[in-house]
Amino acid sequence: MTTIRDLLNKLKWSGRGGLRGCEITIVHRGAPGNRRVIRGEDVDDVAPRALICIEGGREVVIPYHRVVSLTKDGEIIWSRRGHD
C-alpha cells in the first residue's frame, strides 16, 4: 500500500515539476468545512512524520493523519477513505 508520504516524495523528486500544481487538502478545525488546502509549492519538506510547509515566513508542521486528499493539476490522485 502506498502511503501519502510515499506519493508526495515520488512527486517531489520526479523531476516533472515536483509538487507544483498539487493541492493537499487537510483537516483544519475552524476553517470553512473544517478543511484547508495547502499548495504544493508551499511544501518545504516531506519529513518522516509530517509535511513541513512555509506560510507567511514561518514553518508549519502538518501531520500526515490530517491529510484528506491530494490533487495534481485538478485530478484527485489520492484520497483517504471516509473523507471524500
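Each value in this text was obtained by applying a stated rule to the coordinates, not by laboratory testing. Everything numeric in this text was worked out from a predicted model, so none of it was measured. As a convention, Cβ positions derive from the backbone with ideal geometry for all residues, glycine included, and neighbour counts pool all protein chains shown.
Using only helices, what value at 222 nm comes out for the chain when you add -39,500 (n - 2.57) per DSSP H run of length 4 or more and divide by the total residues, to the nearest 500 deg cm²/dmol?
One gets -3000 deg cm²/dmol as the mean residue ellipticity at 222 nm.
Please compute, for the alpha-carbon atoms of the chain, the extent along each of the three principal axes and give them in descending order in Å.
Result, largest extent first: 36, 32, 24 Å.
Which whole-number percentage describes the relative contact order of the chain, with Cα contacts under 8 Å and a sequence gap of 6 or more?
Worked out over the chain, it gives 25 percent.
What is the dipole size for region 4-79, taken about its Cα centre, with +1 at each Lys and Arg Cβ and -1 at each Asp and Glu Cβ, in debye to the nearest 20?
Roughly 180 debye for region 4-79.
Taking amide H positions as placed 1.01 Å from N in the peptide plane, with prolines and chain starts having none, which residues 5 or more places from C22, or on another chain, fall under 5 Å of its amide H?
For C22, the qualifying residues are G40, E41, D73.
What is the local net charge at M1, summed over the other residues whose Cβ is closer than 15 Å to its Cβ (Lys, Arg +1; Asp, Glu -1)?
Here the count lands on +3.
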